[in-house]
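J.: One structure coming up, written as structure tokens, with questions to follow.
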Amino acid sequence: MERAQSKVYNEINEFSFMKESFRNYIVLACFFAVFVLVVAKGVTHAQLGDENIYYYAGKLISEGKAPYRDFFHAHPPLQIYILSVLYKAFGFNIIAFKILPLVSTLVSAFFIFRICQIRFDKLTAILSAALFLFSYTIMFNSVLGFGVEIATMFLTIGIFLYFSDKKAYAGIFFGLAASTRLLALIPIFAVFLYSFFSEKKGFYRLIVSFFSIFLIINLLFILIAGKAYIFDVYKYHLMKTPSNEEKFSEYWNTLKLNWIVSVSFLAFAFAKDRKKAILFFLAPVFYLIFLLSLRKIFAYYFFVIMPFAAIVGAYSLAGIIKRIRADFVRKIIVAIIIGIFAWDLSSNIIFLQKEGFAGISRLQTMKEFVLEKTGKDAKIFGDDSIVPLLALETKRQIAFDIVDTNPQAFSSGLVKIEEVLEKIRKNGALFVVRNKQGISSIREVQNFLNTKCGFVSSFHDKKEGDFLFYSC
């Protein structure tokens, strides 16, 4: 009789748990739906930026060329090889390319939710997904193919597997994350440190599986490209020109734009059982200290630590809510939090729809100009934020496959600007620059355009400024 009652009791508990779990997934699905609606405009609009370099690099790989050996590429290879598969399947399709970071972001959010489910509780899981998905940095960058979204996806999957006691599989995904963007190495190091002090056996499994992926990929490309791989991926970043003013500006802007996550993260100081979430706190701290050592940083660098910041913020908020004993007071506090969150979210959505996802207003006009003024075999060259995109849109080739024309690539000495300009002088190209930005800020380029090329046309974009076209 007691055994039968116990069985019924267990079945009722299991049913209740499944019902509650199902409700949580419904909430998460609603978050996903709102998120996709918010960022959908960004999927269909091309933007200026480094993502266009990576799209064109994917095209080159699909044609049989190898990064580092055949063209300069400043990051580990995994992202552009994934893009090459998409290019093979769809050709140049901006929606297909932008869905990749969007899906990566959603997968990250799912595993953030699952990490908090198994490590903490349902309230922390819901709050962490909301803080992550609806922070400005995540919404804006979720449709920009910088590669950090893919690295972050692998990272969050690895963290989930780590806390699911699957250390070997976790190491594999950490290896994939680091083979996508080196920035992922800092939070991975934090996990290694945490694992070393908490359980030695799991630590060794983690380390071995990580290096089995990361070292194999590195050694493979050293064999393919030789020292060019080491120079492009590692040495280049040590040779960048420092910019402390920009660095602290990016810190401050990120804190302001993601102020709810920032304040929630700092509330960890008041959390009761901090030891349980210490890994998620230390990873961003290590990362932010590391960024101070870099010569130059960009806003999207902060994407990688947003899962950790969201988890810590959610853990802190959940702890505050649960400590309020009076039901009426708790409801008021929750209502205030939801109100603040909704106000911040609506402000971000309005800005993203009007400005963030507006795209390039003169792109179609510039595309038509290139098609009209150049033949199918013509080469184009110039600013890396726009030229790779124009080349893909018009099916023109970038001269000598020099896709990444970031001034830092030239100032580092890894790409010789004098040699590049001499090749263009001999072979000719349509040279596209932005006024006093990017490659046009280099003195040798300014002299070359003024003496060896003829000005053809300019296009003014209300948001992005002037685009200048020269025939060389």
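J.: When you look at PHE146, is it assigned by TED's automatic domain parsing to the domain that holds ALA309, under 17 Å from TYR81 (Cα atoms), free of Cβ contacts under 8 Å to residues at least 40 places away in the same chain and touching a helix residue (DSSP H, G or I) at 6+ places or on another chain (Cβ under 7 Å), yes or no?
T.: No; evaluated as a whole, the condition is false for this residue.
J.: Looking at (1) assigned to a helix (DSSP H, G or I); (2) surrounded by 13 or more Cβ atoms within 10 Å (Cβ to Cβ); (3) under 30 Å from the mean Cα position of the chain (by Cα), which is the one condition that is false for GLY339?
T.: With respect to (1) assigned to a helix (DSSP H, G or I); (2) surrounded by 13 or more Cβ atoms within 10 Å (Cβ to Cβ); (3) under 30 Å from the mean Cα position of the chain (by Cα), GLY339 is out only on (2).
J.: Which of the residues spanning segment 250-275 are charged (D, E, K, R) and loosely packed, with under 14 Cβ neighbours inside 10 Å?
T.: LYS256, LYS272, ASP273, LYS275
J.: Any idea how many residues of segment 104-154 are part of a helix (DSSP H, G or I) and either within 12 Å of the chain's Cα centre (by Cα) or aromatic (Phe, Trp, Tyr) (or both)?
T.: Number of matching residues: 20.
Yes or no, residue by residue, for (1) under 26 Å from CYS453 (Cα atoms); (2) over 20 Å from the mean Cα position of the chain (by Cα); (3) not aromatic (Phe, Trp, Tyr); (4) not assigned by TED's automatic domain parsing to the domain that holds ALA46:
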{"site": "ILE349", "(1), (2), (3), (4)": "no, no, yes, no"}
{"site": "PHE369", "(1), (2), (3), (4)": "yes, yes, no, yes"}
{"site": "GLU372", "(1), (2), (3), (4)": "yes, yes, yes, yes"}
{"site": "LYS376", "(1), (2), (3), (4)": "yes, yes, yes, yes"}
{"site": "PHE381", "(1), (2), (3), (4)": "yes, yes, no, yes"}
{"site": "PRO388", "(1), (2), (3), (4)": "yes, no, yes, yes"}
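Yes or no, residue by residue, for (1) without any contact (Cβ under 8 Å) to a residue 24 or more places away in the chain; (2) outside any helix (DSSP H, G or I); (3) among the small types (Gly, Ala, Ser):
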position: LYS367; (1), (2), (3): no, no, no
position: ASP377; (1), (2), (3): yes, yes, no
position: PHE381; (1), (2), (3): no, yes, no
position: ASP384; (1), (2), (3): no, yes, no
position: PRO388; (1), (2), (3): no, no, no
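J.: Now, a different point. Which is surrounded by fewer than 20 Cβ atoms within 10 Å (Cβ to Cβ) and either within 26 Å of VAL38 (Cβ to Cβ) or polar (S, T, N, Q) (or both), of ILE99, ILE138?
T.: ILE99
J.: Looking at segment 30-45, which of the residues that are under 17 Å from the mean Cα position of the chain (by Cα) and surrounded by 19 or more Cβ atoms within 10 Å (Cβ to Cβ) is farthest from ILE99 (Cα to Cα)?
T.: PHE35
Condition check ((1) assigned by TED's automatic domain parsing to the domain that holds SER411; (2) within 29 Å of LYS65 (Cα to Cα); (3) in contact (Cβ under 8 Å) with a residue 24 or more places away in the chain) across all residues:
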site	(1), (2), (3)
GLY226	no, yes, yes
VAL233	no, yes, yes
PHE248	no, no, no
TRP259	no, no, yes
LYS275	no, no, no
PRO284	no, no, yes
PHE302	no, no, yes
PHE308	no, no, yes
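J.: Name the residue, out of PHE160, PHE132, PHE189, that is at pLDDT 95 or above and either surrounded by fewer than 18 Cβ atoms within 10 Å (Cβ to Cβ) or on the phi > 0 side of the Ramachandran plot (or both). Spell out how you get there, then give the answer.
T.: Values: PHE160 fails: either surrounded by fewer than 18 Cβ atoms within 10 Å (Cβ to Cβ) or on the phi > 0 side of the Ramachandran plot (or both); PHE132 fails: either surrounded by fewer than 18 Cβ atoms within 10 Å (Cβ to Cβ) or on the phi > 0 side of the Ramachandran plot (or both).
Of PHE160, PHE132, PHE189, the one residue that is at pLDDT 95 or above and either surrounded by fewer than 18 Cβ atoms within 10 Å (Cβ to Cβ) or on the phi > 0 side of the Ramachandran plot (or both) is PHE189.
Listed here are the residues, each with its yes/no results for (1) assigned to a strand (DSSP E or B); (2) more than 14 Å from SER385 (Cβ to Cβ).
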residue	(1), (2)
LYS423	no, yes
LYS436	no, no
GLU444	no, yes
PHE448	no, yes
VAL456	yes, yes
HIS460	yes, yes
PHE469	yes, yes
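The values are calculated or read from the model by the stated rules, or taken from the named source; none is laboratory data. All values derive from a computational prediction rather than experimental measurement. As a convention, Cβ positions derive from the backbone with ideal geometry for all residues, glycine included, and neighbour counts pool all protein chains shown.
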